Structure formats: structure tokens, C-alpha cells
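Asks: Here it is, the structure, as C-alpha cells.
The values are calculated or read from the model by the stated rules, or taken from the named source; none is laboratory data. Fair warning: this is a prediction, and the values are worked out from it, not measured in the lab. Quick reminder, even Gly has a Cβ in these numbers, built from the backbone with ideal geometry, and neighbours come from all protein chains shown.
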Amino acid sequence: MDKAHIKYTLSWATLVLMIFVFIYVTTIFDVIGQYGMTTIVLIGINLIAAVGLNLVIGMSGQFSLGHAGFMAIGAYATALVSSAIPSIYGFIISLIVGIMVSGVIALAVGLPTLRLSGDYLAIATLGVAEIIRIIIINMKSTRGAAGIFGIPNFVNWQVVFGLSVVAIVFVVNFVRSTTGQAIIAVRDNEIAAESLGINTTKYKVIAFVLGAMLAAIAGGLRASFIQSVSPQDYTFMQSITILIIVVLGGIGSISGTVVTAIVLGILDVILQNFGSLRMVIYALVLIIVMIFRPKGLLGTSEFSLKKILFDSGGDHGNNNSKNQ
Amino acid sequence: MVEAVLRVENLSVNYGAIKAVQNVSFSVNPGEIVTLIGANGAGKSTILRTISGLEKPVTGNMSFEKQSINHMSSEKRVSSGIVHVPEGRRVFPGMTVQENLQLGAFTVANKNQHKVAYNNVYEQFPILKTRRHQDAATLSGGEQQMLAIGRALMANPKIILLDEPSMGLAPLYIKKIFAIIQQIRDTGVTVLVIEQNANQALKIADRGYVIESGQIIATGTGAELLSSDEVRASYLGG
């Protein structure tokens, strides 16, 4: 069992390394150019935010419509802190500040709303994201609607790649932990979970707070990478962009989120050539996917290397009847 | 005189303006099987849900092992030994049998105890061991009910509250479930069970309470209630 586990982990690590090397080689030979590089970074940032949102929507079954608000907190934390301390340490501190503030606000929103059953979180988060944006517009230190420019850049594609991998590994392992299983139990059957002594509100709040924290990381990376922040970047549409990635990939499927973030990122680049038709085609693609794959590209199943690599020749001592 | 393990005194529970349970008092002694019988909507489920902390009483007192549990959270009640198997099975469908059982031991911090609990449950329900890597959704109704009961046993209960365990099961499984309830009691766990299948429930019960419109209208040993004309006429089909 342990040996199989090591083999399994190693093959994942190899895959990640291969992707890394692939991107690295394309940068050396300058195949994709500056624009392609930017796309890769933005895909990674969306991916981190979407994995966080999938933790909330997919794992805890709660609908959040205000992910952009938490991204904004992370972005402005990075803008303010790393402008004041323009070093890599300043940047790291700024990410931590963003994570903390975002977590505290998520806690304050989640505690009262997640006690109730129903879609109250969706309504509350919708409001909170707007409130955050309006506070940012009206505060002196955030320079209102103009935003903040000249933020030092500490983010390149390697940083985003690394943090994306960390975010995915964290979420996948979290889902398998006792806490993660409790969150899924609450989603699947709240009454049964409660009867087993699982504090349902607590576990819904944990998922929501962690999702908000991941959003803050995504926001911070983005601010540092594009070196500016403005309230217009974090409107309701940004929440929807992240939501689309989660829904299209399959609610509850982390691999679906990863695949969709990449596919939509590339699609966005291709559609640049179509000018004003771009949004029409984008919308059409979304509609077509929803018609043919109503549960999302991957449904609730996860991409499993175990199955592809090790299941070709009979039983390997893994009981993975559950993996798709 | 034995000291009751669970004592409910003058319990009343309302759902809004509806008085679901009115002034109900009863007790359960250690090692007993006690059953609450009564028609649909008599308030039986509400009583169980209130004991396990899923509903709040308007008035009344509940004590477990001589300690008041009125203001105890439902998690605390589970870890102190009151475990509820809610109506309608309610397994986690996308999880395997083993993962379901694992969650049953959620309040048990000691990992060594988990192993002992697994062994006990698998010994009592060999079918669950066979199916331990299968998704719970693929189990039959009877197997799901066994899983729900097994999952509750994982929490190491002192008293188990069973809400309509035989509901919707095939006759063969109904027999099995009642045999299991007796088995559970024989391992030292006290059982409080509510049933519409009053005949079967009273046969295995040490004592029973008959509930009508949220009030207790009769009480006695299982045998006494079985032979009572009034109970026979109302709940046992003449």
C-alpha cells in the first residue's frame, strides 16, 4: 500500500515537472512570446481562485457569488503593503495580510449566514463583494476609482505555477482529511452529519474561509503581476468568471477546475482575433458545453493517474473502485 | 431500583404554533430496549430529535447519566454517548461504506478505538465488511439501514436512538433489523427505538410507551402493551 502510494505520488510529481519543463522550453525558444507568458500567469491565477471557489461550492455545497470581493482584498493588500515595503519579504507579508483579512471577513459573513439552511450565503456574498468594492472606491488610501499603480512585480510564471500546484495539492489533501470528509458529509446529508456529532455550521464556515483565503492569494498575485489594481477589476463579472470555471469544469471536481481554467484561458487568447464576436463565441461555447455536459466537463469525477498508469494489468493492491 | 440512564421530564416541543410534544415524561434504564410507539405524526421523531439536540424543547428537562443535557450541544451529546440514527437511513451516498463508518467515529479522538469499533461493526454486520469499498449508494435499503446503525455504533454510544429502523424495508430485512437491535442491547448498549411496526417493536422491547398527539397515553412492559385491548385496537390492527 505504501509503496503504491509513493509510486502514485512520484508519477504525479513527474507529470507536474513535465509540464513545468514544457513551459520552460517554450520560454527559452520564445515560442509563445510575452503575450503567451501573460496568459499562462493569468490562467494560473484564475486556477487558484477557482480551486478555492470549488472548495466552497463543490465540497461544502454552498453557493458564493462574491469571490471577486475576496480577490480584491488580496489585491489591495499586496498593492498597499508591497508598495510600502518594496522587497520580496514585503510581497510575502502582503500575501499573508491579504489572506488574514480575507479570512476574517469570510468568517464574519459566514458565521451568521451559514447557520441557516438555504442559499443565504449567495445573497450575502453578493452584497459583501459590492460593499468591499465600494469601500475601496471611497477610501483615501486605496486611491478610489483610479486604483494604485506602480506596484513592484515579484510574480513570474514560475511563482504562479508553484503556487497553483501548492493550492491544488492542498485542496486535494484537505478534501481527503477528516475535516474535508466532514464538510462533504454536511453537504451530502446535513441531518445525518449532525446526528454523528459534526457541527454543520463550523464545517461550512471552514470551507468558506479557506476558499476566501485562496481567492486573496489569487488577488495578491494578480496585483503584483499586472502592477496595478483598480476597483473595476473586481466587479461582479470577475466573480462570474471564476464561477464559470468551476461550473463548467464540474462542481466538486478539482481536475475539472484545472482543465477548464486552462481551456478557457487558451480560448480567450484564440478569440482575441475575432474582435467583437469574441464574447458571442465564448457564450456559445459555454452554452454548448452545458447542453452536452450538464454536470460540467468532468462531472464530479477526478482525473486519476492511478487508473491510467497502473490499472492496465489487473489489481495492484489498490482499492480504487471509487476513482473514475 | 436501577438508576435511569436517560430521563425525560415534562418535555414539550413546539414547531411554531403547533404543539408537537406535550408534557412527556419517561425514562430508560441501562441495558433496556425501550420503544415509543404511536401513529404517524404523534411526535415520536420529535422526541428523539430533541434528545439528540436537533430540536430545542420549550419546557422540560432531559438528563443523561444524572447530568442535565438541556443546554448541551448536539456534538457534546454524541461524544457523551447519545447517538441518534435518523429516520430514512441517510447514508452518505458518494462515500464508501468504510468512509461512512469512519465519519461515525468523528467524535472519537482515540484512533486505537476506531480499530476496535471497526472490528465490532464488521463482526456484527459481515455484509458491510464485504462491501466496505463500495459506494454507499450501491447498497440495498436494508444494507443502508445496517450501515446507518453501524455508523452510529462507531461513535461508541451508551444509548442509541433509532428512528423507524424498519421503515420501507423488505420483510426479511425487518426481521434482521429487529434481531440486530437485540444484538446491540446484548453488547451493553441501551436502545430507545421508535416504530410504527408496533407489533415487532413491542415483542423485543422491555418496556414501551404509547404516544398519541404528543402525549403519553399508556405505558407498560412490552408484553403488557401487546396484550392490552386498547393498544391492540389502535396500533396492532385488532
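Asks: Restricting to segment B:83-98, and then to whatever is at the interface with another protein chain (Cβ under 7 Å from one of its Cβ atoms) and farther than 27 Å from residue B:51 by Cβ, can you tell me which residue is modelled with the highest pLDDT?
Replies: If we take residues in segment B:83-98 being at the interface with another protein chain (Cβ under 7 Å from one of its Cβ atoms) and farther than 27 Å from residue B:51 by Cβ, then B:96 is modelled with the highest pLDDT.
Asks: Answer yes or no as to whether residue B:78 is in contact with a Gly (Cβ under 9 Å, 6 or more places away or on another chain), of a type outside the set (Lys, Arg) and at pLDDT 90 or above.
Replies: Yes: the conditions hold for residue B:78.
Asks: With respect to residue B:28, is the statement that it is modelled with pLDDT of 90 or more and either closer than 30 Å to residue B:127 by Cβ or small (Gly, Ala, Ser) (or both) true?
Replies: yes
Asks: Within segment A:24-140, which helices (runs of 4 or more DSSP H) (wholly inside it) include 3 or more residues that are more than 22 Å from residue A:233 (Cα to Cα) and out of contact with any Phe, Trp or Tyr (no Cβ under 7 Å at 6 or more places or on another chain)?
Replies: Qualifying helices (runs of 4 or more DSSP H): A:88-113.
Asks: Related question: Could you list all residues from segment A:70-85 that are surrounded by fewer than 24 Cβ atoms within 10 Å (Cβ to Cβ), among the hydrophobic types (A, V, I, L, M, F, W, C) and touching a residue at least 24 places away in the same chain (Cβ under 8 Å)?
Replies: If the condition is that a residue be surrounded by fewer than 24 Cβ atoms within 10 Å (Cβ to Cβ), among the hydrophobic types (A, V, I, L, M, F, W, C) and touching a residue at least 24 places away in the same chain (Cβ under 8 Å), then A:80 is the only one that fits.
Asks: Let me ask something else. How many of the residues in segment B:27-52 are of a type in the set (Gly, Ala, Ser) and farther than 19 Å from residue B:189 by Cβ?
Replies: Final tally of qualifying residues: 6.
Asks: Output yes when any residue across segment B:38-49 is away from every other protein chain (no Cβ under 14 Å) and touching a helix residue (DSSP H, G or I) at 6+ places or on another chain (Cβ under 6 Å), and no when none is.
Replies: Checked segment B:38-49: at least one residue is away from every other protein chain (no Cβ under 14 Å) and touching a helix residue (DSSP H, G or I) at 6+ places or on another chain (Cβ under 6 Å).
Asks: Report, by residue number, each residue of segment B:177-196 that is crowded, with 19+ Cβ neighbours inside 10 Å and more than 15 Å from residue B:153 (Cβ to Cβ).
Replies: Scanning segment B:177-196 gives B:178, B:194, B:195.
Asks: Okay, next question. Of A:215, A:223, which residue is farther than 15 Å from residue A:62 by Cβ, buried (at least 20 other Cβ atoms within 10 Å of the Cβ), more than 10 Å from chain B (Cβ to nearest Cβ) and in contact with a helix residue (DSSP H, G or I) (Cβ under 6 Å, 6 or more places away or on another chain)?
Replies: A:223
Asks: From A:259, A:269, grab the single residue that is in contact with a Phe, Trp or Tyr (Cβ under 8 Å, 6 or more places away or on another chain) and without any contact (Cβ under 8 Å) to a residue 60 or more places away in the chain.
Replies: Working: A:269 fails: without any contact (Cβ under 8 Å) to a residue 60 or more places away in the chain.
Going through A:259, A:269 in turn, the sole match is A:259.
Asks: In segment A:84-98, how many are over 19 Å from residue A:133 (Cβ atoms) and touching a helix residue (DSSP H, G or I) at 6+ places or on another chain (Cβ under 8 Å)?
Replies: Total satisfying the criteria: 7.
Asks: Looking at segment B:199-238, which of its residues are of a type in the set (Phe, Trp, Tyr) and either touching a Gly at 6+ places or on another chain (Cβ under 6 Å) or over 16 Å from residue B:27 (Cβ atoms) (or both)? Spell out the reasoning first.
Replies: So in segment B:199-238, the residues of a type in the set (Phe, Trp, Tyr) come out as B:209, B:235.
Hit for segment B:199-238 is B:235, nothing else.
Asks: Need pairs with beta-carbon distance below 6 Å; first residue more than 9 Å from every other protein chain (Cβ to nearest Cβ) and within 21 Å of residue B:160 (Cβ to Cβ) and within segment A:182-207, second among the charged types (D, E, K, R) and outside any helix (DSSP H, G or I); sequence gap 6+ or separate chains.
Replies: Every condition considered, no pair remains.
Asks: Of all residues in segment B:110-155, how many are buried (at least 18 other Cβ atoms within 10 Å of the Cβ), part of a loop (DSSP other than H, G, I, E, B) and away from chain A (no Cβ under 11 Å)?
Replies: Qualifying residue count for the region: 2.
Asks: Residue A:164 is checked against (1) surrounded by 14 or more Cβ atoms within 10 Å (Cβ to Cβ); (2) among the hydroxyl-bearing types (Ser, Thr, Tyr); (3) within 14 Å of chain B (Cβ to nearest Cβ) and fails just one. What number does that condition carry?
Replies: (3)
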